[in-house]
1. Calculate the spin-label point distance for M226 paired with F177, positioning each point 7 Å from the Cα along the beta-carbon direction, and give it in nanometres.
2. Tell me, what HN-Hα J-couplings in whole Hz come from the Karplus equation 6.51 cos²θ - 1.76 cosθ + 1.60 at θ = phi - 60° for each residue of the range 216-226, using x for Gly and Pro?
3. Step through the residues of the range 97-110 one at a time and calculate ³J(HN,Hα) from phi using the Karplus curve (6.51 cos²θ - 1.76 cosθ + 1.60, θ = phi - 60°), rounding each to whole Hz and writing x for Gly and Pro.
4. Beyond a 23 Å Cα-Cα separation, which of these cross-linked pairs lie in this structure: K158/K189; K128/K225; K69/K109; K158/K225; K69/K189?
5. Which value in nm describes the separation of the simple spin-label points at N200 and R214, placed 7 Å from the Cα toward the beta carbon?
6. Fully extended, how many nm does the chain gain between D101 and R66 (0.36 nm per residue separation, minus their Cα-Cα distance)?
7. I'd like the distance between the alpha-carbon centres of the range 47-96 and the range 123-201, rounded to an integer number of Å.
8. For helix 122-131, report the angle its Cα long axis makes with the longest principal axis of the Cα atoms of the chain; keep it between 0 and 90° and round to the nearest 10°.
Amino acid sequence: MNYELFCIFVGMKQVRPKKKLGQHFLTDLSIARAIADTVDACPDIPVLEVGPGMGVMTQFLVEKPRQLKVVEIDRESVAYLNEHFPHLRENILGEDFLRMDLHRVFDGKRFLLTGNYPYDISSQIFFKMIDNKDLIPCCTGMIQREVAERIASAPGTKAYGILSVMIQAWYDVEYLFTVDEHVFNPPPKVKSAVIRMTRNGVESLGCDEQLFRRIVKTVFGQRRKMLRVSLRQIVDADSPLYVEHADFLTMRPEQLSVQQFVELTKWVENSLVVK
């Protein structure tokens with residue numbers, strides 16, 4: 001059943017979607033259940049749902065035998081959740097996920113992250129996930145299809161970019177299924193997709209991880225240029241780096257695997273130390 005019709009049928013007051021918060025409420029219950037079920041691949045740890053809205057996914061997550069908390073920035077949605085999920089009231093957090101200290105959510109315990117993520121901040125959410133990768137062994141949920149394709153893409157493809165490298169360095173990515181526009185209120189102008197990201201076991205990249213991130217962002221900021229051109233924002237043009245690795249540096253960023261970015265970071269780090 002359509003969730004909006006269900007709410008009307010049982011006399012539940014609905015929350016108005018707010019454009020400034022990028023809200024597109026999922027209305028198809030079968031899809032909501034399917035997304036909620038993506039957490040089953042990572043059992044035995046608590047779940048934090050981001051942006052539950054009116055709880056269309058929450059109603060299926062609460063059925064699972066694991067601790068659940070939800071974080072929602074919209075006050076109207078928080079009031080709705082408190083009214084319609086009274087048994088969850090202690091675990092409804094009226095906060096901004098991007099500003100939260102994730103170590104205090106489950107008292108330092110690891111947890112799974114899920115949600116129907118707002119399109120305009122999904123990348124920020126995933127960068128926060130990376131910053132807290134030791135706390136988040138698994139992340140599932142729905143995002144804009146274009147972003148999902150970017151995250152899951154392989155080297156040498158048009159979609160491969162900053163998110164691809166930064167996330168794949170730490171997580172295995174599965175593109176699960178596509179969701180059409182008509183199952184949302186209001187309908188977005190693009191299709192959505194559901195993905196799952198699971199920690200890949202890498203504990204350390206073996207290089208300066210801050211420099212790794214800086215290099216990835218810098219070279220993809222000029223993705224049509226060869227590495228030897230874009231890297232001059234970091235390494236002086238007279239550095240031996242450009243002679244020692246001349247052939248490699250004629251490549252463009254979308255051609256490099258995660259491991260090649262790690263090697264590049266080591267070379268850059270060494271050249272900076274020598275300088």
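Readers should treat all values here as calculations from the given coordinates under stated rules, not as data from a laboratory. A quick note: this is a predicted structure, and the numbers were derived from the prediction, not measured. Cβ placement follows ideal geometry from the backbone for every residue including glycine, while neighbour counts extend to all protein chains displayed.
1. It works out to 4.7 nm between the two label points.
2. So the Karplus estimates, Gly and Pro as x, are 4, 5, 5, 6, 6, x, 10, 5, 8, 9, 5 Hz.
3. 3, 5, 9, 6, 8, 5, 5, 8, 4, 10, 6, x, 7, 5
4. Among K158/K189; K128/K225; K69/K109; K158/K225; K69/K189, the Cα-Cα distance tops 23 Å for K128/K225; K69/K189.
5. 2.4
6. 10.5 nm
7. So the two Cα centres are separated by 22 Å.
8. 70
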